[in-house]
Amino acid sequence: QVQLVESGGGLVQAGGSLRLSCAVSGSTVGTLVIDWYRQAPGNEREWVAMISTGASTIYAGSVKGRFTISRDDAKNTAILEMNNLKTEDTAVYYCSSKIRDYRYWGQGTLVTVSS
């Protein structure tokens, strides 16, 4: 059973940075395609970034150039580095991985960006 546990959220001022982690258990992070999603209050969940098994990365246009997705194979963890945060980045952030036909989700971590 794959489990994903996010951490690292918090309150930060606009222009600041945060580093989110997604600890993986029940599998090896390097064998998974990991996505980060976010959901702001009143909004639908939106996709943010993806890292492939080959470490290729793709970003949503709204975060490209500010966010970096990576993984730490030694810690079996996926990471989302967020820089130059904006108030519109406020959301619950989720890591996720689709294995065969099932998409696994973490419980989410709240990021609040104040002006």
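The values are calculated or read from the model by the stated rules, or taken from the named source; none is laboratory data. Here the structure is a predicted model, which means the values were calculated and not measured. Positions of Cβ are generated from backbone atoms using ideal geometry, with glycine treated the same way; all protein chains shown enter the neighbour counts. Note: accessible area is taken over every heavy atom of the protein model, side chains too, but ligands, DNA and RNA are not part of it. Shrake-Rupley method; radii C 1.70, N 1.55, O 1.52, S 1.80 Å.
Below is a table of values for the structure above.
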quantity: Gained length - S25 relative to A55, 0.36 nm times residue gap less alpha-carbon distance; calculated: 8.9 nm
quantity: Mean Cα-pair separation over length for the chain, i.e. relative contact order, pairs under 8 Å, 6 or more apart, %; calculated: 37 percent
quantity: Globularity ratio of the chain, using Cα Rg and 2.2 N^0.38 Å; calculated: 0.99
quantity: Highest-first arrangement of 75-83, 106-114, where packing means the average Cβ count within 10 Å; calculated: 75-83, 106-114
quantity: Gaussian network model of the chain, springs between alpha carbon atoms under 10 Å - residue of A74, A40, A60 with greatest fluctuation; calculated: A74
quantity: S115-V33 FRET efficiency (beta carbon distance; Förster radius 41 Å; 0.05 resolution); calculated: 0.75
quantity: Accessible surface of the range 27-115, 1.4 Å probe, proportion on carbon and sulfur as whole %; calculated: 47 percent
quantity: Euclidean distance of C-alpha centroids, the range 86-100 and the range 5-77, integer Å; calculated: 7 Å
quantity: Mean Cβ count within 10 Å, highest first, over the residues of peptides 23-34, 89-100; calculated: 89-100, 23-34
